[in-house]
Amino acid sequence: MRHLKARILALVIIVVFAGLIYLGWHQLKTEGRFSLKLAAFAPVGVVGGLFLLIFPGKAGKPQTAADKIIDMLVFGIGVLAGLLNWYLIDPGFFGR
């Protein structure tokens, strides 16, 4: 029961942002266009939600320098996931 609210919030975040990723891919397949914001930033939400689900005690403002570094690493992983998603949606933008 400990950290139940944080875990529920994490699941909601994951579902919402995964839905946005799906929406971006669906738009690309059906309409031939996509939202750059969805392609690049929705994976950040999924990664952040997974982090919150695994480590619910880390929710909120970072308390120590180590917590700040961990948060930046999680954000960096999310940005890399967003870049990968963007590349998979539009490889022509990256020169392919």
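The values are calculated or read from the model by the stated rules, or taken from the named source; none is laboratory data. From a predicted model like this one, the values you see are computed outputs, not experimental measurements. So basically every Cβ, Gly included, is an ideal-geometry build from the backbone, and we count neighbours across all protein chains shown. All accessible areas refer to the heavy atoms of the entire protein, side chains included, with ligands and DNA or RNA removed. Shrake-Rupley method; radii C 1.70, N 1.55, O 1.52, S 1.80 Å.
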What size of dipole, in debye to the nearest 20, comes out for the chain about its Cα centre when the only charges are +1 on Lys and Arg C-beta atoms and -1 on Asp and Glu C-beta atoms? 240
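Inverting the mean 1/r over all pairs of different Cα atoms, compute the Kirkwood radius of the stretch 32-72 and quote it in Å.
Mean inverse Cα-Cα distance, inverted, gives 11.8 Å.
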With n ≥ 4 as the cut-off for DSSP H runs, can you work out [θ] at 222 nm for the chain, using -39500 (n - 2.57) per run divided by the number of residues, rounded to the nearest 500? -26500 deg cm²/dmol
Specify which residue in the list Leu28, Gly49, Leu84 is farthest towards the positive end of the charge dipole of the chain, using unit charges on the beta carbon of Lys, Arg (+1) and Asp, Glu (-1), about the Cα centre. Gly49
Explain nothing, just the number: relative contact order of the chain, from Cα pairs under 8 Å at least 6 residues apart, as a whole percent. 33
Measure of compaction for the chain (Cα Rg per 2.2 N^0.38 Å): 1.22
With the full set of protein chains in place, find how many percent of the accessible area of the chain is carbon and sulfur; take the probe as 1.4 Å. 73
At 1.4 Å probe radius, can you tell me the per residue accessible area of the chain in Å²? 69
Would you mind checking the tilt of helix 4-31 against the longest principal axis of the Cα atoms of the chain, expressed as 0 to 90 degrees and rounded to 10? 0
Listed residue (Gly95, Ala66, Leu4) projecting farthest to the positive dipole end of the chain, Cβ model: Leu4
